[in-house]
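*Asks:* One structure, pasted below without further comment.
Please treat every number below as a calculation from the coordinates, not as lab data. Just so you know, these numbers come straight off a predicted model, no measurement behind them. Positions of Cβ are generated from backbone atoms using ideal geometry, with glycine treated the same way; all protein chains shown enter the neighbour counts.
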Amino acid sequence: MENRVVITGIGIYSCLGENLSEVKDSLYKGRSGIIYDAPRKDMGFRSALTGMVKDPDLKPFLTRRQRMGMHQPAMYAYMSTKEAVENAGLDIDQLSQSETGVIFGNDSTAGSIMETVDKLRVKNDTTLLGSGAIFQNMNCSVNMNISTIFKLKGINFTISAACASGSHSIGMGYLLIKQGLQERVICGGAQEINATAMGSFDGLSVFSDMEDNPTKASRPFDKDRNGLVPGGGAATLILESYESAVKRGAPILGELMGYGFSSNGDHLSNPNLDGQHRSLNMALKQANVKPSDIDYVSAHATSTPVGDSIEAQAIHDILGSKVGVSSTKSMTGHECWMAGASEVVYSMLMMENDFIAPNINFENPDEISAKINIIAETKEQKIDTFLSNSFGFGGTNSSLIVKKIK
């Protein structure tokens, strides 16, 4: 007997806004959060564009001791998790007395590591680094902070899977609840946005250099796209068994129906059509839905020439040419480790408010993107079922299907 898995809470902290209301407004209006960050140029960046997210002030919420082990990923994740917990009608007392786990996607803590190393070089004494440094520097920084602050007693680990990290975290939470191993799991993704974290990425020359017009630089599927723009922040979802949600009278925002995954087993950075086919087909099979049942596809499309083309072809091959498709990365840039989680939150907001957010800057299709139905302007539409794709370096693929509960 397998459990149904539902979403009872969501939270977001991104360049589109610092809460669900602000982000929904940005999505609906097609408002970009991408800026030109001049200090990056001084550091030697080829492109100084980024989806900027400010560091939150946590003093009103957390003690100094609670804050000392937190750097950007954990700080962002606290804000999105706080909102998701409240959105789900939960509090710390309820969480501490129930079986609630945490699985977060995170694949770097570069900013805190560099600060620690720089401090050591100046002070030349490890005892002067501070007791919080180690907790900021570990890749599981988000999990250890969220689990202790919210007093969680269930599963607790980090998913490190490049740009599919956030999506896989949701998928793993889904599988654990489905099999009856957890009652509730807090899932999500976090992405630091400091320049240190993005230097080596910029060194690959994959960032857009359209610096004269930042909000036009991220152009998923557009013929004139010339690279991605990095973004960041955090997104959180509360996954719960249907029985648990009903028992406590929780709001049920949607049901997670399917999780598809695959590995390309091919190239470190280049996408693979076969791998995406297998991920999409697995999600559809597990969800027991037909391609025609999908009302909206939240595309992974990052605004790179090859990546967008491969995904457009995969969507066309598996889902056909009619389903509405957009990439919110046109507004946020590529949110990397958090993208798989944030894009589910963005899609949940669309489903809840009956619209498809636009793939802004889509002006001229190329030969392959012309095959699919890319939504270039906000479209009023009921969404009963959506699919969210995430594909990462190393050939890791994840596809999630969520359905509205009527």
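*Asks:* May I ask you to derive the relative contact order of the chain, considering only C-alpha pairs under 8 Å and at least 6 residues apart, and to give it as an integer percent? Walk me through the numbers before you get to the answer.
*Replies:* Values: 1094 pairs, mean separation 97.0, N = 406.
Result for the chain is 24 percent.
*Asks:* Cα gyration tensor of the chain, axes a ≥ b ≥ c as square roots of the eigenvalues: rounded (a/c below 1.5), prolate (a/b > b/c) or oblate?
*Replies:* Cα axes put the chain in the oblate bin.
*Asks:* With point charges of +1 on the Cβ of Lys and Arg and -1 on the Cβ of Asp and Glu, referenced to the Cα centre of the chain, which listed residue (259, 376, 365) lies farthest in the positive direction of the dipole?
*Replies:* Highest projection toward the positive end goes to 259.
*Asks:* OK, next. Multiplying the sequence separation of residue 119 and residue 43 by 0.36 nm and subtracting their Cα-Cα distance, what value in nm do you get?
*Replies:* Stretched fully, the residue 119-residue 43 segment lengthens by 25.5 nm.
*Asks:* At 0.36 nm per residue, minus the direct Cα-Cα distance, what do residue 126 and residue 306 gain on full extension? Give it in nm, one decimal, please.
*Replies:* The span from residue 126 to residue 306 would gain 60.2 nm if fully extended.
*Asks:* Considering every pair of different Cα atoms, what Kirkwood radius, in Å, is found for the stretch 14-106?
*Replies:* 15.8 Å is the Kirkwood radius here.
*Asks:* What's the extension gain from residue 179 to residue 354 if we count 0.36 nm per residue and subtract their Cα-Cα distance?
*Replies:* 59.8 nm
*Asks:* Measure of size requested: the Rg and Dmax of the stretch 261-403, with Cα atoms as the atom set and Å as the unit; please supply both.
*Replies:* In Å, with Rg to one decimal and Dmax whole: 13.7, 40.
*Asks:* Among 290-297, 157-164, 138-145, 337-344, how do they line up by average Cβ neighbours within 10 Å per residue, starting with the highest?
*Replies:* The densest-packed peptide leads the list: 337-344, 157-164, 138-145, 290-297.
*Asks:* In the stretch 1-104, which chymotrypsin sites (Phe, Trp or Tyr not before Pro) are in a loop and have at most 16 other Cβ atoms within 10 Å, using DSSP for the loop call? Before the final figure, lay out the partial values.
*Replies:* Working: sites: 13, 28, 36, 45, 61, 76, 78, 104; in loops: 45, 61.
Counting only loop positions with at most 16 other Cβ atoms within 10 Å, the chymotrypsin sites (Phe, Trp or Tyr not before Pro) in the stretch 1-104 are 61.
*Asks:* Where both partners of a DSSP beta bridge lie in the chain, what percent of those bridges are antiparallel, to the nearest 5?
*Replies:* Working: 43 of 63 bridges.
Just about 70 percent of them are antiparallel.
*Asks:* Which helices pass in the chain if a helix is a full DSSP H run, must span at least 27 angstrom along its long axis by Cα, and must have mean Kyte-Doolittle hydropathy not below -1.0?
*Replies:* Both cut-offs are met by no helix.
*Asks:* Related question: Excluding same-chain pairs closer than 8 in sequence, count the lysine pairs in the stretch 1-135 whose Cα atoms lie under 26 Å apart.
*Replies:* Lysine pairs meeting both conditions in the stretch 1-135 amount to 10.
*Asks:* Also, I was wondering about something else. Which aspartates and glutamates does residue 371 reach when only Cα atoms under 13 Å apart count, and residues fewer than 8 places away in its own chain are ignored?
*Replies:* Candidates past the 8-residue exclusion: 222, 308, 311, 317.
*Asks:* Related question: Which of the lysines could be linked to residue 285 by a straight reach, that is with a Cα gap under 19 Å, when you skip same-chain ones fewer than 8 residues away?
*Replies:* The reachable lysines, counting only those whose Cα sits under 19 Å from residue 285, are 178, 403, 404.
*Asks:* A follow-up question, please. Once the dipole of the chain is set up with Lys and Arg at +1 and Asp and Glu at -1 on Cβ about the Cα centre, which of 117, 246, 44 lies farthest towards its positive end?
*Replies:* Comparing the listed Cα positions along the dipole, 246 ranks first.
*Asks:* List residues of the stretch 147-176, by number, whose backbone nitrogen lies under 20 Å from a label position 7 Å along Cα→C-beta of residue 248.
*Replies:* Counting only backbone N, you get 147-157, 170-176.
*Asks:* Can you tell me how the stretch 5-247 classifies by the Cα gyration tensor, rounded, prolate or oblate, using a/c under 1.5 as the rounded cut?
*Replies:* It is oblate, given that a/c is not under 1.5 and a/b is not larger than b/c.
*Asks:* Then there's this: What are the equivalent ellipsoid semi-axes of the stretch 129-250, built from the alpha-carbon gyration tensor (square roots of five times its eigenvalues), in whole angstrom, biggest first?
*Replies:* Output for the stretch 129-250: semi-axes of 34, 21, 12 Å.
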